[in-house]
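To start, the structure under review is shown below, and the notes come after it.
Values in this text are rule-based calculations from the coordinates and carry no lab data. Just so it is clear, the structure is predicted and the values come from calculations on it, not from any experiment. Neighbour counts are summed over all protein chains in view; Cβ atoms, including those assigned to glycine, are modelled from backbone coordinates with ideal geometry.
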Amino acid sequence: MSVTKKLKAFFQQDTAPGIVLIFTAFAALVVANSSLAGHYLHFLELPVQFRIGALDIEKNMLLLINDGLMAIFFLLIGLEVKRELVEGSLKTKKQAIFPVVAAIGGMVVPVLIFTVFNHGDSIAMTGWAIPSATDIAFTLGVLALFGKRVPVCLKIFLLALAVIDDLGAVLIIALFFSSDLSITALVVAAAACLILYYMNKHEVHRLTAYLLVGAILWIAVLKSGVHATVAGVILGFLIPLGTTDKRSPLRNLEHGISPWSNFLILPLFAFANSGVPLGGLDAGTLLQPLPLGIALGLIIGKPIGVTGACWLSHKLGIAKLPDEINFGHILGASILCGIGFTMSIFIATLAFPSNVGPELINTSRIAIFIGSFASAIIGYMVLKYVFERYPTEVKRHKKPDVDNQTESEKVAEANATN
């Protein structure tokens, strides 16, 4: 088999996006801790400028990737979650509430753990929100390593949870760490949202119109001081699903941008954000209250918060456990939510005042890296065991025919979902 055919076969595998993402993240980590570190930093700081008339957008390469390209990734996430809300595993009220409750638990408990370690240090406490975040790109990258073994409803649950978690993190940033929000830009963004909503309600199916208004929305959110990726999620939710595949702007756009997101945007994001310098990594540093609060908030707080909230809401009848998964799946997914990585690092850079120097930020970055790496490894191992114990590949694409099931099959299915 030729090299071209081998590459084509590799990229057609369901595990390929996850493998590429992990590889580029590891490559960045190696480069950032080698003699090439200077070149790596130079690449991230390359200036990029767009100017159209009075509109001027000037960013470095890192911010272009994080604020620009990642908005396309979040657009894809918004499209997938909306499709499941309309016709998939989140279409009932109790199913839709499930990831919301999980996200709230997954934000609150890590903050409590961080507070236990740092309540006596007023400067360290400004970083209370650091372990509350989830890096949706890396979380899905690890999940993608399992390919078709991942039940669709588990992926959508994790997608919805991570989106809500990220929106929560953005809200925290806007309320507690943003001092220069632009009201004018926020008004323009709100107007763009209203136009998109009007187009949706009046069944406008021309995708170009949505993308043009979406571009205005992205620019407005970018200029407002709020994290620009929010625009991608909003646009995804306001693009209509349509009645058939041929007349579905949502499906057409989802199909069009998915390979670009998987094999260009996410690898670039991983390479640009994974270069954490590990110099100064020692036991004395890691056992201080700040890094302990961050790392344990991610490793322990996330699974306790997410799984605990899911179990409680399920037992109280507030929410419904998605079909085809059990609390073993939820536990594994909740551990992956401890991959805070880039979102946590972003909050850390905003949380600590510049007059304390880079020491707290560097310590936080190392703690975030350790907490995220440990969460990825443990979450992978738990899900590997769960997928082997409860294989779901055969029945993941369609609901079982209850009328034709034998009694033993019904009992087995009931046990797997309780």
Under a point-charge model restricted to the Cβ atoms of Lys and Arg (+1) and Asp and Glu (-1), what is the dipole moment magnitude of region 184-283 relative to its Cα centre, in debye to the nearest 20?
-> 380 debye
DSSP loop GluC sites (Glu not before Pro) with at most 13 other Cβ within 10 Å excluded, longest remaining stretch of the chain = 204-392
Taking amide H positions as placed in the peptide plane 1.01 Å from N, state which residues far from Asn60 in sequence (5 or more) or on other chains have amide H under 5 Å from it.
-> Val48
Backbone HN-Hα couplings from phi across region 193-206 [Karplus 6.51/-1.76/1.60, Hz, Gly and Pro as x] = 4, 5, 5, 4, 5, 4, 4, 5, 5, 9, 6, 6, 10, 6
Trypsin sites (Lys or Arg not before Pro), restricted to region 75-147: which are DSSP loop and have at most 12 other Cβ atoms within 10 Å?
-> Lys91
What is the chain's relative contact order, in percent, from Cα pairs under 8 angstrom and six or more apart in sequence?
-> 27 percent
If amide H atoms are modeled at 1.01 Å from N in the peptide plane, then the residues at a separation of 5 or more from Ile339, or on another chain, having amide H under 5 Å from its own are Asp135
Give me the number: length gained by fully extending Phe327 to Leu211, i.e. 0.36 nm times residue separation minus the C-alpha to C-alpha distance, one decimal in nm.
-> 37.9 nm
Computed for region 128-207: size of charge dipole around the Cα centre, +1 on C-beta of each Lys and Arg, -1 on C-beta of each Asp and Glu, debye to nearest 20, value 420 debye
Sequence-separation-based contact order of region 87-228, relative, with Cα cut under 8 Å and 6+ spacing, percent | 23 percent
FRET efficiency (Phe263, Ala283; Cβ distance; R0 51 Å; to 0.05) is 0.85
PRE reach from Val48 (point 7 Å along Cα→Cβ): which of region 254-284 fall under 16 Å by backbone N?
-> 260-274
Report the charge-dipole magnitude of region 203-352 in Debye, nearest 20, computed about the Cα centre from +1 at each Lys and Arg Cβ and -1 at each Asp and Glu Cβ.
-> 300 debye
Can you tell me the FRET efficiency between Phe23 and Asn362 if r is taken as the Cβ-Cβ distance and R0 is 30 Å, rounded to the nearest 0.05?
-> 0.70
Env charge @ His227, Cβ radius under 9 Å, K,R +1 / D,E -1, value -2
Area projected by the alpha carbon convex hull of the chain, averaged over all directions, nm² = 23.8 nm²
Multiply the residue gap between Lys5 and Val108 by 0.36 nm, knock off their C-alpha separation, and tell me the result in nm, one decimal place.
-> 32.3 nm
Percentage relative contact order, region 300-394, counting C-alpha pairs under 8 Å, at least six apart = 35 percent
Please arrange Asp135, Asp56 by counting, for each residue, the other beta carbons lying within 10 Å of its beta carbon, fewest first.
-> Asp56, Asp135
Please work out the C-alpha center-to-center distance from region 138-212 to region 35-80 and express it in whole Å.
-> 18 Å
